[in-house]
Each structure stands twice: as C-alpha cells, then as structure tokens.
1. Could you tell me how many of the residues in region 46-61 are in contact with a Leu (Cβ under 7 Å, 6 or more places away or on another chain) and modelled with pLDDT of 85 or more?
2. Taking LEU41, is it closer than 21 Å to TRP70 by Cα, in contact with an Asp or Glu (Cβ under 6 Å, 6 or more places away or on another chain) and without any contact (Cβ under 8 Å) to a residue 60 or more places away in the chain?
3. Select from region 16-31 the residues that are over 15 Å from ARG65 (Cβ atoms) and in contact with an Asp or Glu (Cβ under 8 Å, 6 or more places away or on another chain) and list them in ascending order.
4. Just a yes or no: is a residue in region 82-98 at pLDDT 70 or above, at positive phi and not polar (S, T, N, Q)?
5. Name the single residue, out of those in region 20-40 being touching a Ser or Thr at 6+ places or on another chain (Cβ under 7 Å) and small (Gly, Ala, Ser), that is surrounded by the most Cβ atoms within 10 Å (Cβ to Cβ).
Amino acid sequence: MLEKSLKGVNIEVVNRGISGEVAKTTAERLRLEIPGISPDLVLWQLGTNDALAGVPVVEFEATVRETIDWLKQRNIDVVLIGLRYTPNLAKNPYVFRSSRHVEAHSTRRRHTVRVSI
C-alpha cells in the first residue's frame, strides 16, 4: 500500500510484523533486527494485542516510550499506528486506556506521528 502511494519514489518496504505480538516482544525484536536492516522509518502498529492480553497500561506506555527513544537515538523516524478495532475490542476495558496512551504519547513527543486506520 505504501509503495503504491509513493510511485516514483525509490523505497524498499520490509515487513517484519508478527501477528499476535505484544509491544514488549516487538520492542525486543526491533533491537535485534534493526542493526541489520538500517531503516529510515519504522511503522509500528501497536496496542491491540497488548489490550487483548491485559498488559498493564503503565508497562505498555514504558515499552513504547523506551523503544521510540532507542529508535530516535539511531536517527530512525517512527510512525505509531493505533489499535485495530474489532467487535471484541470494543468490550475490552484495556482498549481505551491503551489507545489513550498511544495518542497521548504521540501528542507529547513531537517526533512521533499518530496514524489511525
């Protein structure tokens, strides 16, 4: 989708997303994989699996903050993509808290952009 939107621009999209992964696991994996890829930009969809797993919001927010700081120290831009909503998520008490933390973090940190899909 991104490649189609940016026709004529020389980009390479590397999809490293793993279905079902919580933010902490993704963060650990990013730290291992990023050095071998050297991306300019990371698109990170997060929060849905954390909400479903009941990850404490404080832990989720710390993971996001620390990972974004780690990426920024390496001059890698970050786009946070918010929770993917499903009917089951609408009933989950963690969803809105997780979503609010992603949005609040994105707003506070000017180097981060929030994208809702």
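1. 1
2. Values: closer than 21 Å to TRP70 by Cα: yes; in contact with an Asp or Glu (Cβ under 6 Å, 6 or more places away or on another chain): yes; without any contact (Cβ under 8 Å) to a residue 60 or more places away in the chain: yes.
So LEU41 passes the test.
3. ARG16, VAL22, ARG29
4. For region 82-98, residues at pLDDT 70 or above, at positive phi and not polar (S, T, N, Q): absent.
5. For region 20-40, the residue satisfying everything is ALA23.
The values are calculated or read from the model by the stated rules, or taken from the named source; none is laboratory data. Here the structure is a predicted model, which means the values were calculated and not measured. No Cβ is skipped: glycine too gets one built from the backbone with ideal geometry, and neighbour counts run over all protein chains shown.
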